[in-house]
Amino acid sequence: MGYKTYENVLHLWEGSYLRRTKQVYHDWGVIANHFESLRLLGELQDNMKPLPSMEEQQETLALAEEKSSAFSFSPEIIDAVLTHGSGVSEGKFRIYEQFQKSLSAKENAAFLKNEYGWGDAYPVITGTDIDEQHDGKGITLKKGLGDDAPHITLKWDKVEKRIAELIRMDRYLNPKEVELYPAWLAAQEERRQEQQERQAVRETLNTAPPEKTPEPDIEAHYEYHL
């Protein structure tokens, strides 16, 4: 197996370069996501280990199912999923704005339930094999396939509580989103103002008094008798 680095991609191949049996190009952004996934799963190590023997590989495969059942969704993994937002365009900004209104936890949970709606992401974090599904009950995370795969369901009140904590610790929006949020908020306020003005015009037109129908111009005729 060989590789070559370019400015935008990493080129990997099997076999010798001139007689490649397989090859693939990976964007550096995708590679960065895979490294972050390894870190979240606790699999990123900075030391090189010798390649395992055939017997060691077989033992590892035999233990794989046992280890998978012991997998747990760490708080860091849950935070990484929540900070992805609702999956809807500008959803993170709407959620962040909602939590600035000082409303009750129940109102915020109802907002999250409506904002997320029904949907899923496969995978929710690149390279982790963790899927996410959200519905009326909450957010469900699942690692792997099958009914016995490790999974966890976060009800909306729990999701609301954790997002509130992340916002309070300035960990919900990333630095780029923090930079963009004021402009987004100003655009939303301008849009709301325009909607209010249009609504006021419609209400004025609907409540305007009907125009009076002019009376026909009838020539008066007088008669005089002794």
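Rule-based calculations on the coordinates, nothing more; no lab input. These numbers were taken from a predicted model, which means no experiment stands behind them. For neighbour counting, all protein chains shown are included, and Cβ atoms are generated from backbone atoms with ideal geometry for every residue, glycine included.
If you average the sequence gap of Cα pairs under 8 Å that are 6 or more apart and divide by the length of the range 113-198, what percent do you get for the contact order?
15
At a Förster distance of 22 Å, what's the computed FRET efficiency of Ile167 paired with Thr126, Cβ-Cβ distance as r, to 0.05?
0.35
List the relative contact order of the range 69-173 as a percent without decimals, with contacts defined as Cα pairs under 8 Å and 6+ residues apart.
Worked out over the range 69-173, it gives 22 percent.
Can you give the FRET efficiency for Lys137 and Val88, using 1/(1 + (r/R0)^6), R0 = 25 Å, r = Cβ-Cβ distance, to the nearest 0.05?
0.85
Can you tell me the length gained on complete extension of the stretch Thr207 to Ser104, counting 0.36 nm per residue apart and subtracting the Cα distance?
Stretched out fully, the Thr207 to Ser104 stretch lengthens by 33.4 nm.
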